[in-house]
């Protein structure tokens, strides 16, 4: 599925930000949040990507956003709490980046920033409700980096955030969530 700009769809309305439009590569199919979770988890588990990178890569590919794989470089400084500093969870920052890829502004002064900020806040609140904080240092407290326990914890967090990010995107672009279906 590829997202097109509002200008491409002729849907910009005076006085409010236009909503992203969705054009499906295959009618009747949409990205599956649980499938997105599995893909992101596998990227992390396999060591191919860290949390933020896995989410950005998966959302870009599964939603057909069309960003080159170089977009992953933008997510490379966020793992392990922003450059291994233990601050904000890389999975959450990756999810926020992915939301920005879909709903972020393209021009100075574009009011779409308000929607993007609200959706990012929603993802943050979701994570806080489930885990109590977004501090990587706290989330992995007492774990040895790259140990089986750490790998299990962060693989799960990566998948959870990728899935929730996908659900937010699907809801916001008004595309029905279809279980057990993936675009090929």
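The values are calculated or read from the model by the stated rules, or taken from the named source; none is laboratory data. Everything numeric here is computed off the predicted structure, so don't read it as measured data. Note that we place each Cβ from the backbone using ideal geometry, even for glycine, and neighbour counts take in every protein chain shown.
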Some residue of region 85-99 being at pLDDT below 95, surrounded by fewer than 16 Cβ atoms within 10 Å (Cβ to Cβ) and farther than 21 Å from residue 35 by Cβ: yes
Residues of region 116-149 that turn out to be under 20 Å from residue 99 (Cβ atoms) and part of a helix (DSSP H, G or I), as a count: 17
Among (1) in a loop (DSSP other than H, G, I, E, B); (2) touching a helix residue (DSSP H, G or I) at 6+ places or on another chain (Cβ under 6 Å); (3) at pLDDT 95 or above - the single one residue 31 does not satisfy: (3)
Positions within region 49-74 being without any contact (Cβ under 8 Å) to a residue 40 or more places away in the chain and either under 15 Å from residue 90 (Cα atoms) or in a helix (DSSP H, G or I) (or both), in sequence order: 49, 57, 61, 71, 72, 73, 74
Residues located in region 123-155, provided they are over 11 Å from residue 92 (Cβ atoms) and surrounded by 15 or more Cβ atoms within 10 Å (Cβ to Cβ): 140, 143, 150, 151, 154, 155
Conditions (1) more than 15 Å from residue 136 (Cα to Cα); (2) touching a residue at least 24 places away in the same chain (Cβ under 8 Å); (3) in a helix (DSSP H, G or I); number of the one not met by residue 91: (1)
